[in-house]
Structures are given as structure tokens and as C-alpha cells.
Amino acid sequence: MHVHIKTPTEIEFMRESGKLLASVFHMLDDFVKEGVSTLEINDKVEDFIRNELNARPASLGQYDYGFSLNSSINEVVCHGVPNDSHKLKAKDIINLDITLEKNGFIADSSKMYVMSDANPIAKRLVKTTYEAMWAGIKKVKPGGTLGDIGAAIQTLAESKGYSVVKEYCGHGIGREMHEEPQVLHYGKTGTGMVLEAGMTFTIEPMINQGKAKTKTKKDGWTVVTADKKLSAQWEHTILVTETGYEVLTLRNEEASI
């Protein structure tokens, strides 16, 4: 397994990509609402990345995928495909997963949007998944391990009665969207690869309300919970620093975390 340790120059490029991607979500905060279709969201994001940020939507064309983001509603775990007929409803929760490339370097992040009439069960799942992501992020430091990250996420999620999806994981990122290492969202403390300053990777737990089992729809992309219960996900791109971590895709509302 070869993990590319980023140089100071590469880290600066990664920071710029991450900052631009955070601005995409800031733009979406006033756009994502009931009645808007996931295809409209996709088109808005593509236009903003290309024309306002002078960057590239990195998901478009990756693995022959035809869109600039994934839009995963309610029981969709990940890889939901934008569609003009998928209009957001008042009770929905939706994950928008977006990648952006600038100067040859890619940032990857996702955010949950909770519609106005989402029930308390859905809101609790979204909140816990966010807390689980941060529990994992806060374990990042030189000398720590990937197992520390996974164990922190799994422990928090399961303590709230939820299950962790195991088929999909975080990943190294840089010039390529998917690099080494794989970052599991479950595991044992003190196991796995030892972290080094200069590593960049995503932490992106998918947490299910019910069982962890998933299945993929006939479109070959959309992954749903096998029991049709809700799923939530959050994601950030992380840099291992000399003393801990830096969240390269940190959004304005997270500045105090």
C-alpha cells in the first residue's frame, strides 16, 4: 500500500480546493429546500463550480458517472443519482456529496440537509452521524492509527442504537479522488496503519437507523438500506498535521468546533 505524503506546496493546493468546496455548500444553504429537484441542485452546483470558482466538478465523468454530485435521500445510503422527478419533500433528509478539483488537486465533502417537517427520529440520526464523524476526526494525529478513527465512530454510533455501514469507507485523496489508504468507519483502537503528517484522506461515516445491510438498485449506483430505514452521512477531507489534524473542507458554521 503506497500512501502519498503531500508536500507543503501540495498541501496549499489541497487547502484551496477544500476552501472552494466549502463555499459550494455555503451557496447551497439557501438553495436546498422543499420543491427543488435533485437535478436542479446538481445543475446549480456544476454551474457554480465551473463559472464562479473556475474549478472542475471532479465527480462528473469519474467511473463514467454523469453528474456533478450524489444526492441521497432518506433510505439512500450513498451514490444517489440526481433526477428531475426527485423533488425534495417536507419530511426528507438528504445528503449532498460533492467533489471539486482545482490546480490538479481534489477535495471531497458531504453535508446533510434536513427539511422543515423531518421527524425527530430523522433529526436524531443526522445529529448522531455528524457527532460520529467528528469523533473520528478528533482521533487524527501523527502516531495514531486508522483503527482509532474507526473505533471512535463505531463506538459512538452503536452507543446510540445505530449501525455502521461497512461496505463503503473513506479514502486517501489528492491528485486522484481515490488514493490509499482506505479509512474504515469501524475497527479497534491501536490497529491499522499508523498516521503520518502530510497524509490527506476523507472521513465519511454512513450510519443506519436500522441494520447495516445495504443493497444496490438496478441503476448500478444507488445504494439503499436493505430494511428501508433511514441512513445519514457526513464527510470531510482531512490533513494530518505535525500536531493533529486540519479539516480542509471546514464550513463557516463549523469554525468554532
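What the pair-distance distribution of region 27-168 shows, using all Cα-Cα distances binned every 5 Å from zero, is 2, 9, 16, 19, 17, 16, 13, 6, 1, 0 percent. In the chain, Rg over Rh equals 0.94, where Rg is the alpha-carbon radius of gyration and Rh the Kirkwood radius from pairwise Cα distances.
Net length available on complete extension from ASP227 to HIS2 is 77.3 nm, with 0.36 nm assigned per residue and the Cα-Cα distance removed. Sorting THR129, THR222, THR189, THR9 from the fewest to the most surrounding beta carbons within 10 angstrom yields THR9, THR189, THR222, THR129.
The mean sequence distance of close C-alpha pairs (under 8 Å, at least 6 residues apart), as a share of the length of the chain, puts its relative contact order at 23 percent.
Amide hydrogen proximity for HIS86: with H placed 1.01 Å from N in the peptide plane, the residues at 5 or more positions away or on another chain lying under 5 Å are THR38, LEU39.
None of the figures in this text is laboratory data; all of them are computed from the coordinates on show. These numbers come from a predicted model, not from an experiment. Every residue, glycine as well, gets a Cβ built from its backbone with ideal geometry; the counts of neighbours run over all protein chains shown.
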